[in-house]
Amino acid sequence: MLSYTLRRAGALLPVLLVVSIVIFSLAYLTPGDPASTILGPEALEADVQNLRDSMGVNDPFLVQYFRWILSAMHGDLGASYFLKVSVAQAIGQHFLPTMQLAILTIFYALVISIPLGAIGARWRGSFFDHGIAGFTLIGLTFPSFVLSLILVIVFSVCLHWLPVAGYRNPFSEPWNGMRYLILPTLSLGTIYAAVITRTVRASVLDVLKSEYVDAARSRGVNESRLLFAHALRNAGLPIITMIGLSFASLVSGAVVAETIFNIPGIGSLLVNAIQRRDYPVVQGVVLFLTLLYLLLNLLVDLLYGLIDPRVRLSDTGAK
């Protein structure tokens, strides 16, 4: 298992290297001068050039890239041009809201998707199955910003049940904090619930067609027990994979929800940095999100190694 983990971890390095080159090249080639943005339109050209020299943006591309990537390898992602803090500090300050939103979203999606997917597979072709298919179709086709606006109009503008936007830390203000996270959770969770529901339904349906399920049914095993204790458990590997991929993409892709609902998460930090041409923050956030996405995928692979005996056998054989 250790050699399997090391091989999978080693495979992440080329991906990180390519991403670092791409994101640094895009920032380098993007029109605009951060020094002029910082000093404003009334600044003298000499002052702009002095600031560019102090920031190192006048150096050749390779010099700037290797200086940045070597610092990143030591945990130093640089400093923000506008926030007056290091990029690592900025990420740390904005990461908690994103993680809270991601965890609540996945929890909501699982509560909805696992029962719906199992029921749809059990009563395939029934009225319930068609209704579940309609729900997944809506969840997959509706853009998240449209669903967010609908939720705001219904629950905030018309019913006045929930705040329109904003953020309160649930750890310091539990009730208010949860109220501010309900709408973005519903907006994102409905989409991910639709994706996971389809995976659960397809996986459970495959298991229900297997011979050992027919044998258990012939022995008089209760259908509910057969569905939830046997079929759903044995269909767990594809479901775990989808959950892991969904959580990884959610953490790195909650930009729309955080922007619409004014949540100070990683997504809003990245959007604001792009608008202000705060290139160290853009580069650092993208590199951090890429690393996080790859690590979560590695975790899913390790779960396969712990659950699926075929992975352990192949790993043993490789030794």
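The values are calculated or read from the model by the stated rules, or taken from the named source; none is laboratory data. All values derive from a computational prediction rather than experimental measurement. Every residue, glycine as well, gets a Cβ built from its backbone with ideal geometry; the counts of neighbours run over all protein chains shown. Side chains included, ligands, DNA and RNA excluded: accessible areas come from the protein's heavy atoms. Shrake-Rupley method; radii C 1.70, N 1.55, O 1.52, S 1.80 Å.
Odds and ends about this structure:
- Take 111-120, 39-48 and order them by the average number of nearby Cβ atoms within 10 Å per residue, most first; the result is 111-120, 39-48.
- Longest to shortest principal axis, alpha-carbon extents of segment 52-129, angstrom: 69, 26, 21
- Ordered by solvent-accessible area of protein heavy atoms (1.4 Å probe), largest first, the residues Val281, Val63 come out as Val63, Val281.
- Taking the protein heavy atoms of segment 109-152 in the context of the full set of protein chains, the accessible area attributed to carbon and sulfur is 81 percent at 1.4 Å.
- Max mean-square fluctuation residue, GNM over the chain, Cα-Cα springs under 10 Å, options Pro163, Pro60, Pro34: Pro60
- A probe of 1.4 angstrom, applied to the heavy atoms of all protein chains, finds His130 with accessible area near 120 square angstrom.
- Taken over segment 86-224, the alpha-carbon convex hull comes to 167 cubic angstrom per residue.
- Applying a DSSP loop filter and a limit of 16 other Cβ atoms within 10 Å to the chymotrypsin sites (Phe, Trp or Tyr not before Pro) in segment 110-195 leaves Trp123, Trp161, Phe171.
- Segment 158-199, accessible surface, carbon-and-sulfur percent (1.4 angstrom probe): 66 percent
- Restriction of the trypsin sites (Lys or Arg not before Pro) in segment 199-238 to DSSP coil positions whose beta-carbon has at most 12 other beta-carbons within 10 angstrom yields Lys209, Arg219.
- Tyr81 long-range amide H proximity, modeled H, under 5 Å: Val281
- Selection from Tyr108, Phe82, Thr136 lying farthest towards where the dipole of segment 70-200 points positive, charges on Cβ: Thr136
- Largest-first principal axis extents of the Cα set of the chain (Å): 86, 63, 34
- Dipole of the chain [Lys/Arg +1, Asp/Glu -1 at C-beta], most positive-end residue of Met73, Ser25, Ala121: Ala121
- Dipole-positive endmost among Tyr192, Cys158, Ser148 within the chain (Cβ charges, Cα centre): Tyr192
- Per residue, in Å², the accessible surface of the chain once ligands and nucleic acids are set aside, probe 1.4 Å: 53 Å²
- At least 27 Å along the helix axis (C-alpha) and Kyte average at least 1.0, DSSP helices within the chain: 87-122, 279-307
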